[in-house]
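Visitor: I am attaching a structure below and will ask some questions about it afterwards.
The values are calculated or read from the model by the stated rules, or taken from the named source; none is laboratory data. Not measured: the values here are computed from a predicted model. Positions of Cβ are backbone-derived with ideal geometry, glycine not excepted, and every protein chain shown enters the neighbour counts.
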Amino acid sequence: MHVENFKTFSDLVESESFSRAAKLNGITQSAVSQQLRAMEKHFGILIVDRRQKQFRLTPEGQRLQQAAHQILHLYDGLNSELQEMKRVVSGTLHISTVYSIGLHELPPYLKAFMTEYPEVNVRVEYRRADKVYEDVLSNSIDFGLVAYPQKQRELEILPFHTDTLVLVVNPEHPLATVKQVALEELKSQKFIGFEPDIPTRRATDEIFAEAGIEIEPVMEFDNVETVKRAVEINAGIAIIPQATVTREASQGHLKIIPIENGTYTRPLALILRKGRIQTPAMKKIVEILTEKNLNKEATRTD
């Protein structure tokens, strides 16, 4: 019985999905089923209760899952310890994040990390916020980066950065000539928003609600890049993170308008599964991402 078998089995139990377990381990669904049957034969037990329509472990399967978790924890810890003894920082890092952070906040930090540790391969997956949490909780990635982090018992949250929400308009829009705008002035404007389950959308909804303003978006999108494109064609105005619009503003494609009587911040954070063993590469990149003295503005590239 190999460690890989326990890893596949643990992923299957966590996800309750043969297809998800197959994807996480780079094998086929058929191979996942074969490994499960091989484990049942090896231990002489039934692991999954096949009489149930939903995925459910037998009592023996539940005990095996507990042992698998302990085995994988010891294996990961040993592997990390041996790498540290050899002073090796290598391997592959898997990061899950939303578009706005991955495209506009993360690059200078990745550049600094990869310059110092060129032996590490970094893979960044762009996901909706809820999927980032799922990825972290299922241990399918090393850590996630999200806005407005939500506290959960199984998660460790590390502050990363704070951005500012700003109003953006097309340069030909009537509001483009004003120095600042009051929230009340947005009542009659066509508003481009994020989809309702996006954390930044929930934050803007709260901003308007506190000001006693009702805004009904004429368009809704699931990522900031599409929102910006809609504003660029003058389909409406939008409130988005300032860091995501720096390039378009400098090129004259969009105009940033400060919001009167208020600065609305957007907290960003790393989320990690509690108890997860951190490899030397993980420890180093977490240090860089949470380093307060890193001058991001000086290292930001357009």
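Visitor: Being surrounded by fewer than 19 Cβ atoms within 10 Å (Cβ to Cβ), of a type in the set (D, E, K, R), assigned to a helix (DSSP H, G or I) and under 30 Å from the mean Cα position of the chain (by Cα) narrows it down to one of Lys41, Lys7, Lys23, so name that one.
Guide: Among Lys41, Lys7, Lys23, only Lys23 is surrounded by fewer than 19 Cβ atoms within 10 Å (Cβ to Cβ), of a type in the set (D, E, K, R), assigned to a helix (DSSP H, G or I) and under 30 Å from the mean Cα position of the chain (by Cα).
Visitor: Could you say whether any residue in segment 128-143 is modelled with pLDDT of 90 or more, within 20 Å of Ile277 (Cα to Cα) and either among the polar types (S, T, N, Q) or over 20 Å from the mean Cα position of the chain (by Cα) (or both)?
Guide: Looking through segment 128-143, none of the residues is modelled with pLDDT of 90 or more, within 20 Å of Ile277 (Cα to Cα) and either among the polar types (S, T, N, Q) or over 20 Å from the mean Cα position of the chain (by Cα) (or both).
Visitor: Related question: Return yes when Ser100 is out of contact with any Gly (no Cβ under 9 Å at 6 or more places or on another chain), crowded, with 18+ Cβ neighbours inside 10 Å and under 30 Å from Ser17 (Cα atoms) and no when it is not.
Guide: Yes.
Visitor: In this structure, is Phe208 among the aromatic types (Phe, Trp, Tyr), surrounded by 15 or more Cβ atoms within 10 Å (Cβ to Cβ) and either within 30 Å of Val89 (Cβ to Cβ) or under 21 Å from the mean Cα position of the chain (by Cα) (or both)?
Guide: no
Visitor: Further question: Please go through (1) without any contact (Cβ under 8 Å) to a residue 40 or more places away in the chain; (2) part of a strand (DSSP E or B); (3) buried (at least 17 other Cβ atoms within 10 Å of the Cβ); (4) not basic (Lys, Arg) for Gly144 and return the number of the only condition it doesn't satisfy.
Guide: Just one mismatch for Gly144, condition (1).
Visitor: Continuing with this model, one more query. Is segment 245-261 home to any residue that is modelled with pLDDT of 90 or more, under 21 Å from Arg128 (Cβ atoms) and either touching a Gly at 6+ places or on another chain (Cβ under 8 Å) or outside the structural domain of Leu155 (by TED's automatic domain parsing) (or both)?
Guide: Checked segment 245-261: at least one residue is modelled with pLDDT of 90 or more, under 21 Å from Arg128 (Cβ atoms) and either touching a Gly at 6+ places or on another chain (Cβ under 8 Å) or outside the structural domain of Leu155 (by TED's automatic domain parsing) (or both).
Visitor: Could you list, in sequence order, all residues of segment 243-273 that are more than 28 Å from Ala209 (Cβ to Cβ) and touching a His at 6+ places or on another chain (Cβ under 8 Å)?
Guide: Thr246
Visitor: Moving on. Among residues belonging to segment 56-87 that are part of a loop (DSSP other than H, G, I, E, B) and surrounded by fewer than 14 Cβ atoms within 10 Å (Cβ to Cβ), point out the one that is modelled with the lowest pLDDT.
Guide: Within segment 56-87, the match that is modelled with the lowest pLDDT is Lys86.
Visitor: In the set Ile285, Ile277, which member is closer than 22 Å to Glu125 by Cα, within 20 Å of the chain's Cα centre (by Cα) and at pLDDT 90 or above?
Guide: Ile285
Visitor: Also: Would you confirm whether or not segment 194-203 contains a residue that is surrounded by fewer than 14 Cβ atoms within 10 Å (Cβ to Cβ), under 22 Å from the mean Cα position of the chain (by Cα) and of a type outside the set (D, E, K, R)?
Guide: Yes, some residue in segment 194-203 is surrounded by fewer than 14 Cβ atoms within 10 Å (Cβ to Cβ), under 22 Å from the mean Cα position of the chain (by Cα) and of a type outside the set (D, E, K, R).
Visitor: Residues that are among the small types (Gly, Ala, Ser) and within 24 Å of Gln150 (Cβ to Cβ), at least 1 per element: which helices (runs of 4 or more DSSP H) completely within segment 164-257 meet that?
Guide: 199-210
Visitor: Select from segment 237-263 the residues that are crowded, with 16+ Cβ neighbours inside 10 Å and in contact with a Pro (Cβ under 8 Å, 6 or more places away or on another chain) and list them in ascending order.
Guide: Passing the criteria: His253, Leu254, Lys255.
Visitor: Also, I was wondering about something else. Of the residues Val181, Val146, Val136, only one is assigned by TED's automatic domain parsing to the domain that holds Gln251 and either of a type in the set (Val, Ile, Thr) or within 19 Å of Ala230 (Cα to Cα) (or both); which?
Guide: On inspection, the qualifying residue turns out to be Val181.
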